[in-house]
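The structure appears right after this line, and notes come after that.
The values are calculated or read from the model by the stated rules, or taken from the named source; none is laboratory data. Because the structure is predicted, anything quoted here is derived from the model rather than measured. Cβ placement follows ideal geometry from the backbone for every residue including glycine, while neighbour counts extend to all protein chains displayed. Side chains are part of the model used for accessible areas, which takes the heavy atoms of the whole protein and leaves out ligands, DNA and RNA. Shrake-Rupley method; radii C 1.70, N 1.55, O 1.52, S 1.80 Å.
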Amino acid sequence: MRAAVYHGNHKLEVEDVPEPTTGEGQVKVRVSRNGICGTDLHEYYDGPIFISPSDPHPLTGKAMPVVMGHEFSGVVTEVGAGVSDVHEGDNVTIEPIYRCGQCRPCRDGNYNLCQSIGFHGLMADGGMAEHTVVPRDQVHHLPDSVSLEMGALVEPMSVAYHAAGLAEVDDQSRALIYGAGPIGIGLWFALRGMGLSEIDVVEPSAIRRGSIEALGARTLDPTTQDVAGLVADATHGDGVDAAFDAAGVAAAVESATTCLGERRPLISVAIYDKPLVTPLINLVLKERRIQGTLCYTADDYRAVIDLMSRGHYDTTGWVDTIPLSGVVEQGFEELRAGRRMKLLVDPTA
Ligand SMILES: [Zn+2]
Ligand SMILES: [Zn+2]
């Protein structure tokens with residue numbers, strides 16, 4: 001079968017590899033769509049970071065070379081011994097976390113923080129391939145009302161949903177989202193799904209503002225508008241109930257910590273390449289806080305799939321599909337250049 005195999009920095013080759021077979025407790029999936037993630041770009045342009053060049057991962061036993069891809073959906077084609085609740089022909093989406101089940105975060109139910117965490121598509125052969133094999137506990141069924149294309153977006157939408165859940169907001173809350181990339185869009189859908197209507201998205205790029213406005217969002221341009229002043233006016237000086245950093249730049253962190261109300265959180269869902277300088281006095285004076293967030297658990301997957309089944313998510317204008325054969329030229333390079341927002345790979349093309 002054909003697959004996109006990571007061999008190191010700037011080396012992602014579409015090549016023929018042996019088709020995997022199922023072992024006990026495993027499920028084989030014919031991949032329908034696999035989204036390209038910022039993490040994949042990071043691995044390609046700046047890595048290896050998560051993919052180990054030589055040391056086998058403790059839970060998967062796998063090191064480089066590895067088939068990339070951790071955001072995917074597909075159809076079950078085979079189940080291994082001991083799997084009784086997944087069947088051939090089922091439409092599924094994959095929650096790509098390997099967890100040990102033993103460490104403290106795993107025991108507490110926070111396996112997204114497992115001390116030995118691994119990802120399918122980084123520490124095991126992933127979804128940029130015609131077929132892949134996953135453990136049963138990574139499989140979530142898709143109802144008929146959720147397409148396989150939509151199913152490939154459950155992973156990034158769950159990252160955003162988990163982040164939104166950490167903000168302790170309700171339908172009366174007001175929120176600010178910094179950054180209108182795929183995670184910013186996911187935050188907007190997640191918060192709307194939680195009943196919020198007062199949400200502003202802060203984004204300097206006119207193209208990205210246009211995309212999220214077309215979905216129905218309200219935006220602010222920090223290059224021409226006084227975000228803090230507008231928030232103060234709109235909230236009679238109280239500030240917003242939650243802010244989200246999906247931009248990862250110092251200007252966003254500083255603005256967010258200025259706009260928050262007292263004792264309210266900035267939820268940080270960005271990848272910070274470098275340390276940044278920001279006035280932490282903004283936290284001290286109003287007992288504000290910065291809260292990190294990582295991945296998701298099965299609860300977030302279930303919530304997102306449920307919202308999708310009710311037509312809550314709209315992919316118009318920000319999601320496109322490319323063939324596996326063009327994964328680097330039409331995929332990674334286009335995303336790197338900022339010409340596309342979210343790209344799904346079709347492994348059969
Ligand atoms: Zn990802
Ligand atoms: Zn663990």
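State in Å² the accessible area per residue of the chain; use a 1.4 Å probe, count heavy atoms of protein chains only, and round to the nearest integer. Each step should come with its number before you reach the end.
On the way: 14960 Å² over 349 residues.
Dividing the accessible area of the chain by its residue count gives 43 Å².
Helix-derived [θ] at 222 nm for the chain: sum -39500 (n - 2.57) over DSSP H runs of at least 4, divide by residue count, nearest 500?
It comes out at -7000 deg cm²/dmol, rounded to the nearest 500.
Let's test the formula: R0 of 22 Å, r as the Cβ-Cβ distance of residue 289 and residue 108. What FRET efficiency results, to the nearest 0.05?
Calculated value: 0.60.
With +1 on the Cβ of every Lys and Arg and -1 on the Cβ of every Asp and Glu, and nothing else charged, how large is the dipole of the chain about its Cα centre, in debye rounded to the nearest 20? Write down the numbers at each step before the final one.
On the way: 27 positive and 48 negative charges, 113 e Å.
Dipole of the chain, to the nearest 20 debye: 540 debye.
Kirkwood-based Rg over Rh for segment 101-194 (C-alpha set), two decimals?
Here Rg/Rh amounts to 1.01.
What is the extension gain from residue 315 to residue 75, computed as 0.36 nm multiplied by their sequence separation minus the C-alpha to C-alpha distance, in nm to one decimal?
84.3 nm
What is the ratio of the Cα radius of gyration of segment 136-243 to 2.2 N^0.38 Å, where N is its residue count, to two decimals?
Cα-based Rg divided by the globular estimate yields 1.18.
Just how much of residue 302 is accessible, in Å², when a 1.4 Å probe is used and the result is rounded to the nearest 10?
130 Å²
Round to a whole number: what % of the accessible area of the chain belongs to carbon and sulfur, probe 1.4 Å?
After summing per-atom areas, the C and S share lands at 48 percent.
If I build a Gaussian network model for the chain, linking alpha-carbon pairs within less than 10 angstrom, which residue out of 235, 22, 132 has the largest mean-square fluctuation?
It is 235.
Mind jotting down the distance between the C-alpha centroids of segment 93-148 and segment 249-326, whole Å?
21 Å
If the chain between residue 348 and residue 10 were fully stretched, how many nm would it gain, using 0.36 nm times the residue separation less the Cα-Cα distance?
119.4 nm
What value in Å³ per residue do you get for the convex hull of the alpha-carbon atoms in the chain?
Expressed per residue, the convex hull around the Cα atoms of the chain is 134 Å³.
Student exercise: in the chain, how many lysine pairs 8 or more apart or on different chains have Cα atoms under 28 Å apart?
Taking the Cα cut-off of 28 Å, the pair count is 9.
So for segment 1-157, considering every pair of alpha-carbon atoms, how many percent are separated by more than 28 Å?
Details: 1903 of 12246 pairs.
Considering segment 1-157, 16 percent of its Cα-Cα pairs are separated by more than 28 Å.
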